[in-house]
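Reading through the structure tokens given below for one structure.
The values are calculated or read from the model by the stated rules, or taken from the named source; none is laboratory data. Since the structure is predicted, the reported quantities are computational estimates derived from the model, not experimental observations. Every residue, glycine as well, gets a Cβ built from its backbone with ideal geometry; the counts of neighbours run over all protein chains shown. Heads up: the accessible areas ignore ligands, DNA and RNA and are worked out on the full protein's heavy atoms, side chains in. Shrake-Rupley method; radii C 1.70, N 1.55, O 1.52, S 1.80 Å.
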Amino acid sequence: MELCGASALTWRTSISPSLHSSPQPTSVSEFRRVRVWCVKTDVNDSSQSVKGNQMTVSITGATGFIGSKLVQRLYEDNHSICVLTRSRSKAQSIFPVKDFPGIVIAEESQWKDCIQKSTGVVNLAGLPISTRWSSEIKKEIKQSRIGVTSKVVDSINSSTSDARPKVLVSATAVGYYGTSETQVFDEQSPSGNDYLSEVCREWEGKALAVDKDVRLALIRIGVVLGKDGGALAKMVPIFMMFAGGPLGSGKQWFSWIHIDDLVNLLCEALSNPSYKGVINGTAPNPVRLAEMCQHLGAVMGRPSWLPVPDLALKAVLGEGAIVVLEGQRVLPVRAKELGFSYKYPYIKEALKAILAQKVVV
């Protein structure tokens, strides 16, 4: 089976006093960096588990926080991997030959060949969204997702039936639902009407164009928590300085998932034929942001009472402040129906497990 992947909407906001100062300028060019990875195996039965069979998997966004963990998991399970990238040097630095012998690193001109030789594809690529939004950056946020997804889908669709990947696992985000402090969202809920909802609709729309013989799983990912990346890696240093606290009111919902659970979910989506259509990639017990910060402070033995005001965030992020000032309560109804087992269903246990490890700050 052949697999490829791409990155979802990424939350990179820091809870920091620096939010009160002028933001550093960000060049549009740095948002064009998209990484794609491929993994190849000789297994043709998609009903077999990832761990029990060798596969060939192609992955976009493989050098990112989520993608790198997925690659490590697949590699440990003896699958063949092809990294599709626009930066060979970065991919080589993250996956050095001495540590990852056998991984193929393919530049953009080789993506199509890699994808068509894969059993499955995981699509995880996308520009981070928590920055000051200008019209140009908003265009880049959208294009970084739909552009790579279109390229992946076109490569799959143009392959012959005997060489076509069996499954496409394509990341999207809970931003699809819009924001609300009162509504509860599941996979059947309609899309919202804000900018991020629009991005997610178009993003998913490109993935839905894949050949109907290819099983498609759309994973709407929430805020991913782990020891060395994502939102938590930004928050921990601030709490260590006794300056941690919620963003804005703290009443906004925080739909989260532990990185280990998300990687397990992606692996299940690759191998289990029952995983098709939309699946929310969130833990079953979302919390409000103030509660999350309270748990984080308690686990770290630090106060969590110092909020970052709305005005400070808007001064730094402009329209992009919606990413952290508003949220959504998303439930993983489909994953639970499929019998997916969460290692970390509750935020307190997830934080304890993460902080028991060495956190890179």
Within the range 91-129, restricting to residues that are among the hydrophobic types (A, V, I, L, M, F, W, C) and over 24 Å from residue 146 (Cβ atoms), the one that is least open to solvent (accessible area, probe 1.4 Å) is 95
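Quick one: would you say residue 253 is farther than 30 Å from residue 58 by Cβ, open to solvent by 10 Å² or more (accessible area, probe 1.4 Å) and touching a strand residue (DSSP E or B) at 6+ places or on another chain (Cβ under 8 Å)?
Working: farther than 30 Å from residue 58 by Cβ: yes; open to solvent by 10 Å² or more (accessible area, probe 1.4 Å): yes; touching a strand residue (DSSP E or B) at 6+ places or on another chain (Cβ under 8 Å): yes.
Taking the combined requirement at face value, the residue satisfies it.
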Would you mention how many residues in the range 159-191 are among the aromatic types (Phe, Trp, Tyr) and either part of a helix (DSSP H, G or I) or in contact with a Pro (Cβ under 7 Å, 6 or more places away or on another chain) (or both)?
-> 2
Which one of these is modelled with pLDDT under 95 and either surrounded by 15 or more Cβ atoms within 10 Å (Cβ to Cβ) or β-branched (Val, Ile, Thr) (or both): 132, 88?
-> 132
Filtering the range 176-189 for residues that are over 18 Å from residue 335 (Cα atoms) and of a type outside the set (D, E, K, R) leaves a count of 5
Kindly indicate whether any position in the range 170-177 is over 23 Å from residue 73 (Cβ atoms) and aliphatic (A, V, I, L, M).
-> no
Please state which one of 142, 151 is among the basic types (Lys, Arg), in a helix (DSSP H, G or I) and either over 19 Å from the mean Cα position of the chain (by Cα) or within 30 Å of residue 329 (Cβ to Cβ) (or both).
-> 142
When every residue in the range 307-347 that is of a type in the set (Lys, Arg) and under 21 Å from the mean Cα position of the chain (by Cα) is compared, the one least open to solvent (accessible area, probe 1.4 Å) is 334
Conditions (1) more than 19 Å from the chain's Cα centre (by Cα); (2) under 23 Å from residue 286 (Cα atoms): number failed by residue 213 | (2)
All-but-one check, residue 275 against (1) over 24 Å from residue 237 (Cβ atoms); (2) open to solvent by 20 Å² or more (accessible area, probe 1.4 Å); (3) within 18 Å of the chain's Cα centre (by Cα), failing number (2)
So residue 291, is it at negative phi, modelled with pLDDT of 95 or more and in a helix (DSSP H, G or I) = no
Among the candidates 293, 267, single out the residue that is over 16 Å from residue 224 (Cβ atoms) and open to solvent by less than 10 Å² (accessible area, probe 1.4 Å).
-> 293
Starting from the range 80-105, take each residue that is basic (Lys, Arg) and list its partners that are in a helix (DSSP H, G or I) and open to solvent by 30 Å² or more (accessible area, probe 1.4 Å), counting only C-beta distances under 6 angstrom and pairs at least six apart or across chains.
-> 86/108
